[in-house]
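As structure tokens, the structure follows; a few thoughts come after it.
The values are calculated or read from the model by the stated rules, or taken from the named source; none is laboratory data. Fair warning: this is a prediction, and the values are worked out from it, not measured in the lab. Because the Cβ atoms are built from the backbone with ideal geometry, glycine has one as well, and the counts that use them run over all protein chains shown. Each accessible area value is taken on the protein alone, full model and side chains, heavy atoms only, with ligands, DNA and RNA left out. Shrake-Rupley method; radii C 1.70, N 1.55, O 1.52, S 1.80 Å.
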Amino acid sequence: VERRIEEQLTQFCAEEERAEHRDVQLILSIPGIGRVITATMLAEASQPLAQRDYHALRAYGGAAPVTHQSGKRKRQVIMRYACNQRLRNAFYHWARISLQQDSRSRIHYHRLRSKGHSHGRALRGVLDRLLRMLISMLRHQTEFDPARRTSIAVPI
């Protein structure tokens, strides 16, 4: 299966004249995204990716919280259960691996943890940042370039 996924992604990257296949090359340029996460994202969330819809992609992958509120009970923010589980798992692993490979993600995670957020909430914060970056890259058709990013002061 790994060989077949690799062949498909290589074939898509070779066909640069089609916009959706150019997206494969852009997605693969991001640190922390491998062939399995890329293939999962393209298979499970092709429409939000094609439309460059950050909010739909976030909700479909389960990263957006759900707020319950009525007149009789207090406002409650809970995890989104109505989502694509394969995409949720891909997003989780993308955020987790980017902590290991990307210093900016690691700094953002530690900043959220120092503010008192749980591990899961801090990972979702990292994922939100990564999804915004992905959608921006797709809209502008630019590959990941660590030199373009602004520097972040390391928290003490």
Quiz item: Going by accessible area, probe 1.4 Å, with all protein chains left in place, what is the ranking of 142, 67, largest first?
Solution: 67, 142
Quiz item: Of the labelled options [x] 1.87; [y] 1.08; [z] 1.12, which one gives Cα Rg over 2.2 N^0.38 Å as computed for this structure?
Solution: [z]
Quiz item: Roughly speaking, to the nearest percent, how much of segment 22-97's 1.4 Å accessible area is carbon and sulfur?
Solution: 52
Quiz item: From a point 7 Å beyond the Cα of residue 96 in the direction of its Cβ, which residues of segment 130-149 have a backbone N at a distance under 19 Å?
Solution: 130-131
Quiz item: What's the FRET efficiency of residue 76 with residue 141 using the Cβ-Cβ distance as r and R₀ = 35 Å, to the nearest 0.05?
Solution: 0.30
